Amino acid sequence: MRENTFVRRYGLIILAGVVVGAAALILTAAGNPKNMGFCIACFERDIAGALGLHGAGKVQYLRPEIPGIVLGAMLSAFVFREFKARAGSCPASRFVVGLFVMIGALVFLGCPLRMVIRLGGGDLTAVAGLLGFLAGILAGIVFLKKGFSLGRAYPVKMGEGFALPAVMLGLLALLLLAPGLLKFSEEGPGSMRAFWLISLAAGLAVGFIAQRSRLCMAGGLRDAFLIQDFTLLAGFLAIWATVTVGNLIMGNYSLSMTSQPIAHSQHLWSFLGMALAGWGSILLGGCPLRQLILAGEGNGDAAVTVLGMVTGAAIAHNFGLAGNADSAVDGVYKVGGVGSAGMIAVVIGFAVLLAVSLLHLPGKEEA
Amino acid sequence: MRSRGLRCIVSFYTTAGAMAAERLCRREGLEGKLISVPRSVTSDCGLAWSAPPELRETLERRFRVVGIEAAGFHELTL
């Protein structure tokens with residue numbers, strides 16, 4: 001009976017975590033950058049680069065994982081009759097919050113999913129990001145308890161729900177049929193990529209299982225703090241455990257604070273970047289991965305959020321806001337991190353999230 | 001270990017709605033607690049209010065009077 005209860009409650013979410021972790025390991029083995037088998041922020045940034053929305057030559061590639069996730073979620077939603085075209089929950093605010101979630105994530109160098117994957121590779125610089133993410137989520141919870149809400153979404157015509165999946169199909173068509181229109185990195189993280197079919201298959205699998213299980217990095221921690229429910233958090237832990245075990249088996253585990261792949265040692269800014277991402281994710285009702293899943297289920301507000309994140313990625317690289325990884329040049333270890341522009345952007349991000357939080361509290365008559 | 005039993009599960013359109021329901025029920029001494037909305041109810045990952053099934057009519061009435069918009073009332077064995 002106890003076993004059955006455990007399996008019923010945690011089985012699917014743990015399976016989702018294992019699938020995501022295994023997909024990240026496979027993608028890394030197949031060519032994606034180390035500790036970046038999956039990263040929603042990095043991949044959306046690479047897509048922005050591939051489309052010429054920013055000019056950072058090292059991070060330009062139309063990652064098929066992102067269309068795969070959206071289309072996998074849509075497929076699952078259709079199969080289980082959960083595709084519902086909805087919209088109307090403060091799309092403009094969601095666009096802006098999504099933009100700053102992306103800037104925060106790129107200051108840290110990874111979304112919440114990559115944060116877990118980095119931890120699973122032994123990257124101790126990600127601990128500062130984890131602590132920041134927790135702090136951001138707690139800040140978001142304070143406003144949830146005060147009644148923060150972006151309002152409900154309403155049913156809309158089916159076509160609205162297909163908007164982002166259609167865009168994703170278009171991106172895939174560009175990659176496969178007209179690659180000459182896109183930009184491709186010849187060096188750096190953007191040049192490291194698995195064969196497109198492997199990437200697409202991994203994205204489809206992750207999108208499908210994440211839709212079924214409701215896997216969400218931010219939601220897991222929100223539920224744990226707010227109602228002491230650890231179901232979604234189990235998925236988060238399953239990803240970490242799977243990636244850790246996989247890296248240990250494949251000899252890719254390196255427990256260290258230095259020389260980590262695509263990571264920097266400015267811990268304060270890792271903390272603050274992920275605090276911004278965590279707070280924003282709570283306001284949006286889900287992490288960047290979850291936004292892709294919701295968009296695949298027909299949620300137009302999540303689609304707008306994803307577009308906000310892609311815009312945020314373009315801004316981050318056009319204005320030099322994103323973090324730079326630590327590197328070794330001529331045998332000398334060079335600490336990367338965030339420049340003044342990135343620091344100012346994070347501070348502005350906190351001000352914007354505070355404004356959005358305060359402006360969406362209930363009035364006295366509603367409280 | 002907690003035994004399973006029939007519960008009235010109220011889902012909401014927003015997290016704020018669920019938390020407003022909690023505040024109302026606490027204030028009026030109505031039994032229940034916030035839970036993660038069951039997967040069988042929706043693919044959304046929000047919160048729901050779990051109460052004894054006999055409170056369903058009371059909850060429907062009170063939520064309507066104070067303007068808390070519920071997405072649905074469900075009877076589930078949890």
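The values are calculated or read from the model by the stated rules, or taken from the named source; none is laboratory data. Computed from a predicted structure; not experimentally measured. Cβ sites come from the backbone with ideal geometry, for glycine too, and all protein chains shown count toward neighbours.
When you go through (1) more than 18 Å from A:Leu131 (Cα to Cα); (2) touching a residue at least 40 places away in the same chain (Cβ under 8 Å); (3) not charged (D, E, K, R) one by one for A:Gln266, which number turns out not to apply?
Evaluating A:Gln266 over (1) more than 18 Å from A:Leu131 (Cα to Cα); (2) touching a residue at least 40 places away in the same chain (Cβ under 8 Å); (3) not charged (D, E, K, R) leaves (1) as the failure.
Do any residues in region B:13-39 that are more than 12 Å from chain A (Cβ to nearest Cβ) and over 25 Å from A:Lys84 (Cα atoms) have Cβ atoms under 8 Å from those of residues that are outside any strand (DSSP E or B) and among the small types (Gly, Ala, Ser), where the two are at least six apart or on different chains, and which pairs are they?
Short answer, once both residue conditions are applied: B:Cys25/B:Gly32.
Is at least one residue of region B:48-69 away from every other protein chain (no Cβ under 11 Å) and of a type in the set (Val, Ile, Thr)?
yes
Please note which helices (runs of 4 or more DSSP H) are completely contained in region A:1-118 and include at least 2 residues that are in contact (Cβ under 8 Å) with a residue 24 or more places away in the chain and under 26 Å from A:Val356 (Cβ atoms).
Where helices (runs of 4 or more DSSP H) fall fully within region A:1-118 and carry at least 2 residues being in contact (Cβ under 8 Å) with a residue 24 or more places away in the chain and under 26 Å from A:Val356 (Cβ atoms), they are A:40-50, A:65-79, A:91-108.
Would you tally the residues in region A:207-243 being free of Cβ contacts under 8 Å to residues at least 40 places away in the same chain and either at negative phi or more than 14 Å from chain B (Cβ to nearest Cβ) (or both)?
7
State whether the residues of region A:244-255 include one that is in contact (Cβ under 8 Å) with a residue 24 or more places away in the chain and within 22 Å of A:Ala135 (Cα to Cα).
no
Condition test on A:Ile209, is it among the β-branched types (Val, Ile, Thr), over 15 Å from the mean Cα position of the chain (by Cα), surrounded by fewer than 22 Cβ atoms within 10 Å (Cβ to Cβ) and at pLDDT 95 or above?
Judged against the criteria, A:Ile209 is not a match.
So which residues in region A:36-54 are over 13 Å from A:Ala194 (Cβ atoms) and either at pLDDT below 95 or touching a Phe, Trp or Tyr at 6+ places or on another chain (Cβ under 6 Å) (or both)?
Correct list: A:Ala50 only.
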